[in-house]
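The values are calculated or read from the model by the stated rules, or taken from the named source; none is laboratory data. Everything numeric here is computed off the predicted structure, so don't read it as measured data. All Cβ positions, glycine included, derive from the backbone under ideal geometry; neighbour counts span all protein chains shown.
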Amino acid sequence: MALPVVDTEYVKEVDKARRDLRALIASRNCAPIMLRLAYLLSLSLFVSVEIARNENEGKWSGPNGSIRSEEEYSHGSNSGLKKAIDWCEEVKSKRPKITYADLYQLAGVVAVEVTGGPTIDFVPGRKDSIVSPKEGRLPDAKQGAPHLRDIFYRMGLSDKDIVALSGGHTLGRAHPERSGFDGPWTMEPLKFDNSYFVELLKGESEGLLQLPTDKALLDDPKFGHYVELYAKDEDAFFRDYAESHKKLSELGFAPR
Ligand code: HEM
């Protein structure tokens, strides 16, 4: 979907914010939570736009940075994101022209880059509003392939996108106090590589986590094809991940 055009001054501010985010993410080692923030925001943004469309009889009412409202980040599924939001606020206070919606998506792109992942094309132009979606529309980690398809297909994403994006779990870990799950998916949770897929194919290993939604990628033949491809070909994973991440980060934008 096309994004609104921004002026050259805004583009310069985005470049500066990108540098600020690189420094911030390096000094706090917080790439995983920044990536999760961007991902959850994209999903909830899509839901808000869907709701707004219904309420306005089909008229598009714009994407937003609504996750920063307390109502939303206190949702169970967003637990732990407050810290990431506060860190982004440090950049926002230096670069006030940048919208929150652009800032959070830029943070996700930078998080992948600075941990060794692919370069993701970032197009600015998202607008902010403070309307939060209802809770309970994000993927449930205890479910299987039909649930993943139900959520991601609605957003125009494909089987390939679902598997490539699940590779985001190459970064970070689960926290018992946040989700009830515990542990990282890979041995090096601060490095963006294809080890999520390598570990998934190996089966359960002590100390590493596989959510039911991760395992579901193996049980389904269409998903399984991509898991095997990405486990043996990191370039293919990086290429597809960059494309799928861009799509995810541009959900909910109005056609020009
Ligand atoms: C963490 C579920 C997709 C990026 C988590 C956690 C759960 C989860 C339960 C643990 C949260 C915690 O305890 O702190 C899911 C489900 C998905 C999904 C059910 C559906 C496919 C994605 C996608 C991305 C992503 C598409 C990004 C492209 C992350 C990251 C973390 C994480 C980076 C680690 C955060 C940290 O270390 O604090 N996810 N996720 N996830 N997720 Fe996902």
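General observations
- Elements of the type helices (runs of 4 or more DSSP H) sitting completely within segment 83-172 and holding at least 2 residues that are crowded, with 21+ Cβ neighbours inside 10 Å, at pLDDT 95 or above and aliphatic (A, V, I, L, M): these cover 100-114, 159-166.
- Scanning segment 32-50 for residues that are within 15 Å of the ligand (Cβ to nearest atom) and in contact with a Phe, Trp or Tyr (Cβ under 8 Å, 6 or more places away or on another chain), we see that the one that is nearest to Ala111 (Cα to Cα) is Met34.
- Which numbered condition Gly156 misses (of (1) within 13 Å of the ligand (Cβ to nearest atom); (2) in contact (Cβ under 8 Å) with a residue 60 or more places away in the chain): (1)
- Any hit, segment 58-71, residues being at pLDDT below 60, assigned to a helix (DSSP H, G or I) and among the aromatic types (Phe, Trp, Tyr): no
- Reported count of residues in segment 159-198, each being within 6 Å of the ligand (Cβ to nearest atom) and aromatic (Phe, Trp, Tyr), is 1.
- Number of the exception - Glu234 against (1) away from the ligand (no atom under 15 Å from the Cβ); (2) crowded, with 19+ Cβ neighbours inside 10 Å: (2)
- Segment 25-47 residues that are closer than 24 Å to Lys127 by Cα, paired with ones that are more than 8 Å from the ligand (Cβ to nearest atom) and of a type in the set (D, E, K, R) (beta carbon under 7 Å, 6 or more apart): Ile33/Lys83; Ser44/Glu72; Val47/Arg137
- For segment 215-253, the set of residues classified as among the aliphatic types (A, V, I, L, M) and more than 22 Å from His147 (Cβ to Cβ) consists of Leu229, Ala231, Ala236, Ala242, listed by residue number.
- Residue in segment 1-16 that is modelled with pLDDT of 95 or more, touching a helix residue (DSSP H, G or I) at 6+ places or on another chain (Cβ under 6 Å) and acidic (Asp, Glu) present: no
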